[in-house]
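A.B. asks: Pasting in a structure now, in structure tokens, and then I'll have a few things to ask.
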Amino acid sequence: MSAAQRLECLAMLHGLIPHRWRRAGAALALAAAAGGAQAGLPADLGTRLADGYARPAFGRFAQATHSLNEDLGKWCARPDAAGAAQVRTGFAQVARAWAGVEFLRFGPLVQGNRYERLAFWPDTRNVMARQVQAALAAADPALLEPGALAGRSVALQGLPALEFVLYGEAGLLQQPDAPGFAYGCQLAHAMARNAAGLAGELAQAWSAQGEFGRQFTHPAPANDLYRSPQEVAAEAVKALSTGLQFARDVKLLPVLGQSAAAARPKRAAFWRSGQTAATLAAGLRGMRAFYEAGGYPLGDAGWIDATVKSELDQAAGAAERAQGPAEALAEDGEPRDALALAALVIKNAKDVVDQNLAPAVGVTIGFNALDGD
């Protein structure tokens, strides 16, 4: 059986061909849009989204980065096997917590280049690796000073750079006895400290005391950012749509290629640490929870709500079945088939979000940076 045939069988098994819910047709979509407009958006939509998902998610990210920063400090001082295991666990927790917030790519996350400073990826020109290798070779002690990294290239600051130092071919976790371990570990510690600082800023900005958090949860005509629940809904639904597109078009398709022979596993996010599938699943679970937190009033179009949740559950489940080294994506088998299935379901989910959910709540999905020219 060919890879395409296997994927079709998997899709049929999971009930994904054809779109089972959209057989209702255009008339139902129009009715849903009308129903959503009549029902109106809840005045506390921003509070639901913030308290129900964004604030705890950014809190988890801040806590995970803080813990990893502490773990690295201890391991650098005493590089034993137990400490290395704690660092591995801590990095995995940070990567998954990041996946749970990276799709909230608006407001605080895009201010001050925070997104790029935390995750300079995709990096098809290998800028990060070259800059990190140069920094390790130079071993400049000034780079280790608190706050020094914040003024350097974004490629040198974020989680991909930290992953490279820890998990690269000459990474600390691979060669703890290497001559350059001391400086490399201190650089990793500085990177973790920088990430923890950024994560703390994000949590504060989203909090009830933060200006962004206040305006998002209390939209008003006098606000600079959000003047109505409708504007909050537009931000949230567009973030969901773009997050799904990023997951499929940037994280999955370039990695999977048209066949196993054409796969490029080393283009996957977090491939060095083996967190590719886990972070994809965490992001999809996060998008599902963020959507659910809104409690959008869909009236008689409850099928939209059921479909969005079901598709995101199915996509996350498929990603979770692809656990293992990214190199397995270059071979026909379960990991590759599972992520190919995830890509299909993500497209289904995005179609429903764009074509049905968005108009039902009065949102127009326009172009974004991922659409190209």
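A.B. asks: Here are VAL87, VAL94: which of them is more than 30 Å from GLN215 (Cα to Cα), touching a residue at least 60 places away in the same chain (Cβ under 8 Å) and surrounded by 21 or more Cβ atoms within 10 Å (Cβ to Cβ)?
C.D. replies: On the way: VAL94 fails: more than 30 Å from GLN215 (Cα to Cα).
It is VAL87.
A.B. asks: Sticking with this structure for a sec: Looking at HIS189, is it farther than 30 Å from GLU327 by Cα and either in contact with a helix residue (DSSP H, G or I) (Cβ under 8 Å, 6 or more places away or on another chain) or buried (at least 20 other Cβ atoms within 10 Å of the Cβ) (or both)?
C.D. replies: On the way: farther than 30 Å from GLU327 by Cα: no; either in contact with a helix residue (DSSP H, G or I) (Cβ under 8 Å, 6 or more places away or on another chain) or buried (at least 20 other Cβ atoms within 10 Å of the Cβ) (or both): yes.
No; evaluated as a whole, the condition is false for this residue.
A.B. asks: Turning to a different aspect of this structure: Quick check: is even one residue across segment 180-203 free of Cβ contacts under 8 Å to residues at least 40 places away in the same chain and assigned by TED's automatic domain parsing to the domain that holds THR65?
C.D. replies: Of the residues in segment 180-203, the ones free of Cβ contacts under 8 Å to residues at least 40 places away in the same chain are none.
For segment 180-203, residues free of Cβ contacts under 8 Å to residues at least 40 places away in the same chain and assigned by TED's automatic domain parsing to the domain that holds THR65: absent.
A.B. asks: Tell me, please, whether a residue that is among the aromatic types (Phe, Trp, Tyr), under 30 Å from LEU172 (Cα atoms) and at pLDDT 95 or above can be found in segment 43-57.
C.D. replies: Pass one, segment 43-57, residues among the aromatic types (Phe, Trp, Tyr): 53.
Still in the list and also under 30 Å from LEU172 (Cα atoms): none.
Taking every residue of segment 43-57 in turn, none turns out to be among the aromatic types (Phe, Trp, Tyr), under 30 Å from LEU172 (Cα atoms) and at pLDDT 95 or above.
A.B. asks: Another question, if that's okay. Being more than 17 Å from VAL352 (Cα to Cα), in contact with a helix residue (DSSP H, G or I) (Cβ under 8 Å, 6 or more places away or on another chain), in contact (Cβ under 8 Å) with a residue 60 or more places away in the chain and not assigned by TED's automatic domain parsing to the domain that holds GLU102 is the requirement here; does GLY295 meet it?
C.D. replies: On the way: more than 17 Å from VAL352 (Cα to Cα): no; in contact with a helix residue (DSSP H, G or I) (Cβ under 8 Å, 6 or more places away or on another chain): yes; in contact (Cβ under 8 Å) with a residue 60 or more places away in the chain: yes; not assigned by TED's automatic domain parsing to the domain that holds GLU102: yes.
Judged against the criteria, GLY295 is not a match.
A.B. asks: Within segment 25-41, does at least one residue satisfy the condition of being at pLDDT 95 or above and crowded, with 16+ Cβ neighbours inside 10 Å?
C.D. replies: Narrowing segment 25-41 to residues at pLDDT 95 or above: 41.
In the following step, the residues that additionally are crowded, with 16+ Cβ neighbours inside 10 Å were identified as 41.
Yes: one or more hits.
A.B. asks: Exactly one condition in (1) farther than 24 Å from VAL87 by Cα; (2) at pLDDT below 95; (3) of a type outside the set (Val, Ile, Thr); (4) part of a helix (DSSP H, G or I) is false for ALA293; which is it?
C.D. replies: For ALA293, the failing item is (2).
A.B. asks: Also, I was wondering about something else. Under 6 Å by Cβ, and 6 or more places apart or on different chains, what pairs join a residue from segment 68-81 that is surrounded by 17 or more Cβ atoms within 10 Å (Cβ to Cβ) with one that is part of a helix (DSSP H, G or I) and among the basic types (Lys, Arg)?
C.D. replies: Listed by first residue and then by second, the contacts come to ASN69/ARG193.
A.B. asks: Pull up segment 245-278, narrow it to residues that are part of a loop (DSSP other than H, G, I, E, B) and out of contact with any Asp or Glu (no Cβ under 9 Å at 6 or more places or on another chain), then point me to the one that is nearest to PRO160 (Cα to Cα).
C.D. replies: Of all residues in segment 245-278, those part of a loop (DSSP other than H, G, I, E, B) come to 257-264, 268-275.
Then keep just the ones that are out of contact with any Asp or Glu (no Cβ under 9 Å at 6 or more places or on another chain); that gives 257-258, 261-262, 264, 268-269, 274.
Working: GLY257: 22, GLN258: 26, ALA261: 26, ALA262: 24, ARG264: 17, ALA268: 11, ALA269: 8, GLY274: 12 Å.
So, considering only residues that are part of a loop (DSSP other than H, G, I, E, B) and out of contact with any Asp or Glu (no Cβ under 9 Å at 6 or more places or on another chain), the one nearest to PRO160 (Cα to Cα) is ALA269.
A.B. asks: Output the number of residues of segment 275-309 satisfying the condition of being among the β-branched types (Val, Ile, Thr) and within 18 Å of ARG321 (Cβ to Cβ).
C.D. replies: So the answer is 2.
A.B. asks: I would also like to ask the following. Output the number of the condition that VAL110 fails; it satisfies all remaining conditions of (1) within 30 Å of VAL232 (Cα to Cα); (2) touching a helix residue (DSSP H, G or I) at 6+ places or on another chain (Cβ under 7 Å); (3) not acidic (Asp, Glu).
C.D. replies: (2)
The values are calculated or read from the model by the stated rules, or taken from the named source; none is laboratory data. Values in this document were obtained by computation on a predicted structure and should not be read as measured data. Note: ideal-geometry Cβ built from the backbone for every residue, glycine included; neighbour counts use all protein chains shown.
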